[in-house]
Every structure is written in structure tokens, then in C-alpha cells.
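Chemist: Quick one: structure below, then a few questions.
The values are calculated or read from the model by the stated rules, or taken from the named source; none is laboratory data. No experiment lies behind these values; they were computed from the predicted model shown. Methodologically, a virtual Cβ is constructed for each residue, glycine included, from the backbone with ideal geometry; neighbour enumeration extends over all protein chains shown.
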Amino acid sequence: MSASAEARPAGAVETAAAVRSGARRARDVVAAALARIATYEGEIHCFNTVTGDAALVAANRIDAAVAAGHDPGPLAGVPIALKDNLCTRGVPTTAGSRILEGWLPPYDATVVGAVEAAGAVVVGKTNLDEFAMGSSTENSAFGPTHNPWDLNRVPGGSSGGSAAAVAAGFVPLALGSDTGGSVRQPASLCGVVGVKPTYGLVSRYGLIAFASSLDQVGPFAASVADAAALLDVVAGHDPADSTSLDVAPEPVASHLDDGVAGLRVGVISDFLVDASPSCVAAVREAAEVLAAAGAVVEEVAIPALMLGLSAYYLVAPAEASSNLARYDGVRYGLRVDGADVSRMNGRSRSAGFGPEVKRRIMLGTYVLSAGYYDAYYGQAQRVRTLVAHGFADAYERFDVLIGPTSPTVAFEIGAKTQDPLAMYLSDLYTIPTNLAGHPAMSVPFSLSAGLPVGVQVLAPALGEGPMFRAAAVIEHGADPGARGPIEPRSAGAAR
Amino acid sequence: MPELTASFSRDDVVYVAQLARLDLERGEVDLYAAQLASILDHVAAVTSLDTTDVPATAHPLELANVLRPDTPGPTLDRAEVLAQAPLVEGGRFRVPPILGEAP
């Protein structure tokens, strides 16, 4: 290992243990993260805002608590990055959009309070596709994020900044949001773990809404254990979110090593037809790893899942067109003056929203408009039921399912920006989970021409326990070179 | 039943843009017409499925009204909220005329 490789940050669980015991100071941990960000951020552009001064103040508070004999929490002193669609009081929150440039939220998202109460230290707000609409982070109004594995490639999206921040070793933990794959797909493309929890398990209060029946906040980490630790901190009922599940979540971190003996695993054959050979091979090898660990593995066809993408691109834009109506130049955000309110609204929205957001607002408005509502939106809702039934039938025979996370490895910046439909197809295998409200996660597994390939583990609602156990076994059998953190590099450069 | 095959005309774009309060440039109208037609063409595949007797799913959870006790609690700070507005006057959001008359 080179000196710089040794300087890579330790994992979250390990760091928190060292800080809680007094062996490491939170201030040193955070200062090291900020130094690494200062070194590489210019090439990668993970962040829209770095909150260095506030992070050092927070770290000092953690160290003072340890010195006074208090326990600062399970994530004590662990640097964390937040997707820039999570509201942070008094800290710019843009959602990657000009329409919110300079906006200072008057409140914190519930998950922000949760990670801070657990001792984590927020170091910045990460770049994203505008309003989380995209699969490459190229739709950000503030420029694209670059993939640390190959700086000419996209990190995936929409939570590309969070995925790249973990892959580059800036932070051991990050939060993103997943509406159709926006945590899992960038996790796969950046060689990190990304989790989309059961709908309602994690509060959406303070998450800037895209499609409210699909959005869910989820963790990124370099390991399954670290992702579990973060999920355990953010999961739980929130009275401020009326769609929050009123259940006491089962902790996942404490059962990671319980293994998969007897676990019934289905390999989704429909997902192996069009995926690239390296992504298919990763799934088949992961299936062998699970079988060798005692799982009962079988292929299963669930053709209804292949209807998900079409239903999603009717449902999600419809919900987005309604949610984004609030950006009207009145209470916050950009205003461009006009002679009357209506002109002011139109000018503000046209100047503030980028092309992908406009496309989805118009598509959503169209499918909800008189004469088309039932044929498009109503039909999509019925197809959503078919997707849920497809899963339900499979979960009568299987505890978890596996498949590719993404059909391909990271693609080059600019490769799909002129063809929105081609970009949408990146989420073919992640979308069905959101339509059903289920959990799923991506685990780094192998390398294809130097780029990471993730395997997706899917489970029924509140099936996070078996999902994480399967993920831990897959991680154990994976190529350790396929996961971050890494030294950021250009194509072909040696490690 | 409207025609569902793949045409997203310039007029459709102008119409939905107006509904969605988006002022589009002329060049944008042509671009979006082509792109939205292509997207709709793909996703419209599901419109021909027979979904007789299939109930609609609007949401993954069984939603019910969530109520809380009617007790006062903290609210957002008024000055902090108004400080984020483009224009305020007398503790309120200021907007241009709504019906054309001067305020």
C-alpha cells in the first residue's frame, strides 16, 4: 500500500469506536476528511457546499463530550455527506436547481437531526441531478460529478455526489434519496454500498419532494456493516411524516453475521436478458457465493417487473408535476418579475428549472390532463399493482431476490444526455422496487475493465434483515478490489 | 377515448407548458415535442395491457389520516421564513397584481 492509500479514511463503525474510546479525536478525523476533499474535489465535484468550519466546531463538541465522559453516539465523529435535497437549517440546499440557489432552509430534515444526534459530523451537501431527476448527475445546474474510478465517466445518479464522495474516500457515510434507483444505481457505478429502505421506514420530512409515493432516503457506505449502522440510526417513526411507518424497526447491524443458511434466494431471470455480460456474470457468481454459504438458490421469472419502467415514467412525472408546482417565485427561491402573478410564475419557473425537470413536469401535466388521466395515469397505477403482485407471488417462494443493479457499468460523461429515454433505461432494474415500496440494496461485487459492478439484493417490505444478511455474504465473496474508497484517477491510470 | 399513439405535437407542448406555468422559447417547443413523443411512445406500451379487474395502486402503504393531539408546539420562525422570500411587505409575501389592477 502506498502512503496515500494508508491515508484513506477508516470505516464508520471503526472510526466511531475509536472516537468513543478516546483513541482518536473527532477533530482529527474531520480535518483529515476535509484535507482529502481539498485535494481531490476540484477533479470530482461531489459537493455543492462544503461546511468545513461548522464540521470542525461539531467535531470539537464531540471530543469535549468524550472528554467529559459522555457517549456522543454510535456514529461519533464520523464524517457524513448529505445529498443536497435534504434540508439543512441555515445551510444552502439547492436540490441541484437554479430555482433554489441561495435558499437557506428554516428547518432540518428529520434524518439530518438523527445523524447529528448519533454523533456524525456533516461535512457538506452533495451534488445531484436537478430535483433528483436523472441517472448520471449531469442534470445538476451546477455541473456534473465525475466518477472517481474514471474521471471521464458519470457516477450515476441522481445521488451521484453522495456515491462519489464515499468512493473517493471523502467520507465513510453519505445519505441519498432513491425514487427509481437514485441510491442503488450510483452505488453500483461507484463501487460502494447503497440502500433503498422500505417505503416509510425512514422519514421523508425535509427531503425535497420529487415523487412522494416513491421517494425514500437511504444510506451510502463503503461496506455493508457501515451502511447497516447508518440505516439503524435513520430508521424509525417520525410524527412529522404522515407516511412514516409506525413500527419499531428491527436493527440490522446486530444480525449481519447470522449468515444465509436455508435462506431462499431467487435470481430474477428477466433482469439477465438485456444486462451487459459483466453485470450478468456478477449476478451468477453472487448466486454461487450465496449457495456455497447454504442458501437455496433458484432462478425465477417475474415478467411483470419489466412493466415497471413504463409505469414509473407515467407515475413519477405526474407526482413531480404536482410537487414542483410549489416553485412559483412567491415564498422562496428564484423570482423573475412579470406584469402579473401568472407571468411572474411562468418566467420564474422557466428561468429556474433545467431541461430534464421541464420535460418531466410537462410529461406529468400531460398524463394528468383532461382526457388522458385514466388512459395514462390510471393505467399506470393499475400496472403498478401488477408489479406489486409479481413481487408478492415471488416472495411466497423466496426470502430475497437478486439481480443486476444497473444494466451497465459507468458510462462516459455526455453519452446519454441527448437521449432522455436511453438515460431512463439505466433504472430498468431498480424501478420496480420503488413502485412496490420494498427495500433493495446494491453491493459492489466485481470489476469489468477496471470499473465496478454492483449486485442488487431485493426483499419484501420490512425485509431489511434478510436483505442485509445476504448482502453481507455477497460482500464477503466479492472482489475486494471492486469497492471504494479508491484513489481518484483517470481512465487507464494505474492504481 | 383519445388517440394514444405517440404524437406529442407542438400544440400539445404549448398547451401543457401553459398548464404547468412554463414559458418556453420557440426552439424549446420543437425539442420537447420530439423528446416527449419518443418517451410517450415507449411508455405507452402499458396502455394496451388488459387491466380489467386490476385495482389501482396510488401508494405503497394503506394510507389513513394521521392525526395528532391538538396541542400547541413550536413552529417555524416567521422572520427566518420571510427572509427567504423574494419580496415581503408588512410581514407578508408580496406578489405582482393578480387580476391586473394595481395594488
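Chemist: So which residues in segment A:326-366 are part of a helix (DSSP H, G or I), at the interface with chain B (Cβ under 7 Å from one of its Cβ atoms) and basic (K, R), if there are any at all?
Modeler: Correct list: A:R347, A:R349, A:K358, A:R359.
Chemist: Which residue out of A:D84, A:D63, A:D53 is among the charged types (D, E, K, R), surrounded by fewer than 19 Cβ atoms within 10 Å (Cβ to Cβ) and modelled with pLDDT of 95 or more?
Modeler: A:D53
Chemist: Follow-up question, since we're still on this one. Go through the residues of segment B:74-82 one by one and say whether even a single one is within 7 Å of chain A (Cβ to nearest Cβ), surrounded by 17 or more Cβ atoms within 10 Å (Cβ to Cβ) and hydrophobic (A, V, I, L, M, F, W, C).
Modeler: Yes, there is a match, as at least one residue in segment B:74-82 is within 7 Å of chain A (Cβ to nearest Cβ), surrounded by 17 or more Cβ atoms within 10 Å (Cβ to Cβ) and hydrophobic (A, V, I, L, M, F, W, C).
So that you can scan it fast, the table gives a plain yes or no per residue for (1) in contact with a Gly (Cβ under 8 Å, 6 or more places away or on another chain); (2) acidic (D, E); (3) touching a residue at least 12 places away in the same chain (Cβ under 8 Å):
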| position | (1), (2), (3) |
| --- | --- |
| A:Y313 | no, no, yes |
| A:E319 | yes, yes, yes |
| A:N323 | no, no, yes |
| A:Y327 | yes, no, yes |
| A:R343 | no, no, no |
| A:V357 | no, no, yes |
| A:I361 | no, no, yes |
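Chemist: So, one more: With A:S223, A:S242, A:S162, A:S212 as the choices, which residue is over 17 Å from A:L462 (Cβ atoms), among the polar types (S, T, N, Q) and under 12 Å from the mean Cα position of the chain (by Cα)?
Modeler: A:S162
Chemist: A further question on this structure: Can you tell me which residues in segment A:76-101 are under 19 Å from the mean Cα position of the chain (by Cα) and either closer than 17 Å to A:V30 by Cα or of a type in the set (A, V, I, L, M, F, W, C) (or both)?
Modeler: Selection gives A:V78, A:P79, A:I80, A:A81, A:L82, A:L86, A:C87, A:A95.
Chemist: Another one. Just wondering, is there one or more residues in segment B:17-33 that are of a type in the set (D, E) and either touching a residue at least 40 places away in the same chain (Cβ under 8 Å) or within 7 Å of chain A (Cβ to nearest Cβ) (or both)?
Modeler: yes
Chemist: Further question on the same structure: Give segment A:447-481 a look and list any residue that's small (G, A, S), crowded, with 22+ Cβ neighbours inside 10 Å and outside any loop (DSSP other than H, G, I, E, B), or say none. So that I can check it myself, show each step before the final result.
Modeler: At the first step, the residues of segment A:447-481 found to be small (G, A, S) are A:448-450, A:454, A:459, A:461, A:463, A:465, A:470-472, A:477-478, A:481.
The next check asks that each one be crowded, with 22+ Cβ neighbours inside 10 Å; those that pass are A:454, A:459, A:470-472, A:478.
A:G454, A:A470, A:A471, A:A472, listed by residue number.
Chemist: Determine which member of the set A:A311, A:A380, A:A291, A:A286 is within 25 Å of the chain's Cα centre (by Cα) and either more than 9 Å from every other protein chain (Cβ to nearest Cβ) or assigned to a strand (DSSP E or B) (or both).
Modeler: A:A286
Chemist: So A:P277 passes all but one of these: (1) closer than 24 Å to A:R384 by Cα; (2) without any contact (Cβ under 8 Å) to a residue 12 or more places away in the chain. Which condition number does it fail?
Modeler: Exception for A:P277: condition (1).
Chemist: Could we say that B:R94 is of a type outside the set (V, I, T), touching a strand residue (DSSP E or B) at 6+ places or on another chain (Cβ under 8 Å) and more than 7 Å from chain A (Cβ to nearest Cβ) here? Can you show your working first?
Modeler: Numbers: of a type outside the set (V, I, T): yes; touching a strand residue (DSSP E or B) at 6+ places or on another chain (Cβ under 8 Å): yes; more than 7 Å from chain A (Cβ to nearest Cβ): yes.
So B:R94 fits the description; yes.
Chemist: Then there's this: Go through (1) assigned to a loop (DSSP other than H, G, I, E, B); (2) β-branched (V, I, T); (3) within 20 Å of the chain's Cα centre (by Cα) and name the single condition A:I402 misses.
Modeler: (1)
Chemist: Related question: Can you name every residue in segment A:405-422 that is of a type outside the set (S, T, Y) and either modelled with pLDDT of 95 or more or not in a helix (DSSP H, G or I) (or both)?
Modeler: Listed by number, the residues that qualify are A:P407, A:V409, A:A410, A:F411, A:E412, A:I413, A:G414, A:A415, A:K416, A:Q418, A:D419.
Chemist: For the list (1) modelled with pLDDT under 90; (2) under 18 Å from A:R360 (Cβ atoms); (3) more than 7 Å from chain A (Cβ to nearest Cβ), I need the number of the one condition that B:S7 fails.
Modeler: Only one criterion is unmet by B:S7, namely (2).
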